[in-house]
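Contents: one structure, followed by commentary.
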Amino acid sequence: METRDDLKFQEFDDATNLLAANPDATTVSIDVPDENMGTPQGHRSREEEDDLLGNEDSDKTELLAGQKKIAPFWTFEYYQTFFDVDTYQVLDRIKGSILPIPGRNFVRLYVRSNPDLYGPIWICATLIFTITISGNLSNFLLHRGESQYHYVPEFRKVSIAATAIYAYAWLVPLALWGFLSWRHSKVMSMVSYSFLEIVCVYGYSLFIYIPTSILWIVHSEILRWVLMSFAMCLSGAVLMLTFWPAVREDNRKVSISTLVAIMILHVLLAVGCGQYFFDQPEIDHVQHTATSIINVTKGPPQSRQ
């Protein structure tokens, strides 16, 4: 393959031979077009965005990346690509979601080479069962041994937990993806994320709540809040470090408002699950006990003579 320098030397030789044959001839220099001339100004390629996201392990991501043939969306092969991950990749992404390191972007380092739905779906499903089972077990251990307490499994809370967690893991990324796409159309220099990449970030960021919800069985309000705060800080740091490069080129007020909204929704999910699944059963039992005491104090109703 001829390089740019070879073309220049060939052009020089041709011009020399032409001038030797005809001294009055004129030559025209044709420059080789630049490789980047075809890229519109203001739009960044995927490689340039990866450089902006930057981290020390970029070579690792490049080795994992590959050329994929996209199948039509109505075929099984199209959806099979969303689950084309091995155990090592899933464990590596889980590790990255619980160990956020400044300067390392979760999308760039773990997700962009092969975004998947396998991890987010199973993490959410596992969290649903751990949080409901732990809540029921916590309520049972709290009132065990009381004569008036009868344990009744609350299966309805499984559907409530599924609605809350899957809505957070899918609807929030959908809204965020739509908002970032709209802002990217106005600010061309912004880094863009796909919907699948955002779902991956949210799904894997929930993993820390699985062991945390199990530890919430311990009846200590201080310990629960400490564990909740620790989990929120770790998973929230993953979200902040991931989405800050996507909004930092935008207006400062818009950027800060976006990050604040992300954290508010994140805190609402953690606090809401902790308060509803672990504190509410105890309140219900106290109310039931108080009602029973009042009925016993009043005694049975006297029959009229």
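The values are calculated or read from the model by the stated rules, or taken from the named source; none is laboratory data. Please read all numbers here as calculations on a predicted model, not as lab measurements. Here the Cβ is made from the backbone with ideal geometry for all residues, glycine too, and neighbour counts use every protein chain on show. Surface areas here come from the heavy atoms of the whole protein model, side chains and all, with no ligands, DNA or RNA. Shrake-Rupley method; radii C 1.70, N 1.55, O 1.52, S 1.80 Å.
Structure notes:
- Hits in segment 153-162 (condition: modelled with pLDDT of 90 or more and open to solvent by 40 Å² or more (accessible area, probe 1.4 Å)): Val158, Ser159, Ile160
- The set of residues in segment 74-97 being open to solvent by 50 Å² or more (accessible area, probe 1.4 Å), in a helix (DSSP H, G or I) and within 16 Å of Tyr204 (Cβ to Cβ) consists of Phe83, Thr87, Tyr88, Leu91, Lys95.
- Residues of segment 109-168 satisfying the condition of being basic (Lys, Arg) and either under 21 Å from Glu197 (Cα atoms) or assigned to a helix (DSSP H, G or I) (or both): Arg112, Arg156, Lys157
- The set of residues in segment 228-244 being of a type outside the set (A, V, I, L, M), under 23 Å from Ser189 (Cα atoms) and without any contact (Cβ under 8 Å) to a residue 40 or more places away in the chain consists of Trp244 alone.
- Residues that are surrounded by fewer than 17 Cβ atoms within 10 Å (Cβ to Cβ) and either at pLDDT 85 or above or of a type in the set (Lys, Arg) (or both) within segment 122-141 comprise Trp122, Ala125, Thr126, Phe129, Leu137, listed in sequence order.
- Taking the numbered list (1) within 25 Å of Val152 (Cβ to Cβ); (2) touching a Phe, Trp or Tyr at 6+ places or on another chain (Cβ under 9 Å); (3) modelled with pLDDT of 50 or more in turn, Tyr276 passes all entries but (2).
- Whenever a residue of segment 245-263 is of a type in the set (A, V, I, L, M), its partners that are assigned to a helix (DSSP H, G or I), lying with C-beta atoms within less than 6 angstrom and at least six residues away or across chains, give the pairs Ala246/Leu180; Val247/Ser255; Val247/Thr258; Ile262/Leu239; Met263/Gly236.
- When the residues of segment 163-180 are filtered to those that are of a type in the set (A, V, I, L, M) and in contact (Cβ under 8 Å) with a residue 12 or more places away in the chain, the one that is surrounded by the most Cβ atoms within 10 Å (Cβ to Cβ) is Leu176.
Residues are listed down the side, and each one gets a yes or a no for (1) farther than 30 Å from His143 by Cα; (2) surrounded by fewer than 19 Cβ atoms within 10 Å (Cβ to Cβ); (3) among the charged types (D, E, K, R); (4) modelled with pLDDT under 90:
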residue	(1), (2), (3), (4)
His219	no, yes, no, yes
Ile222	no, yes, no, no
Leu227	no, no, no, no
Ala231	no, no, no, no
Leu234	yes, yes, no, no
Val238	yes, no, no, no
Ala246	yes, no, no, yes
Glu249	yes, yes, yes, yes
Ala261	yes, yes, no, no
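- Matching residues in segment 181-206 - criterion: being touching a helix residue (DSSP H, G or I) at 6+ places or on another chain (Cβ under 6 Å), surrounded by fewer than 22 Cβ atoms within 10 Å (Cβ to Cβ) and in a helix (DSSP H, G or I): Phe195, Glu197
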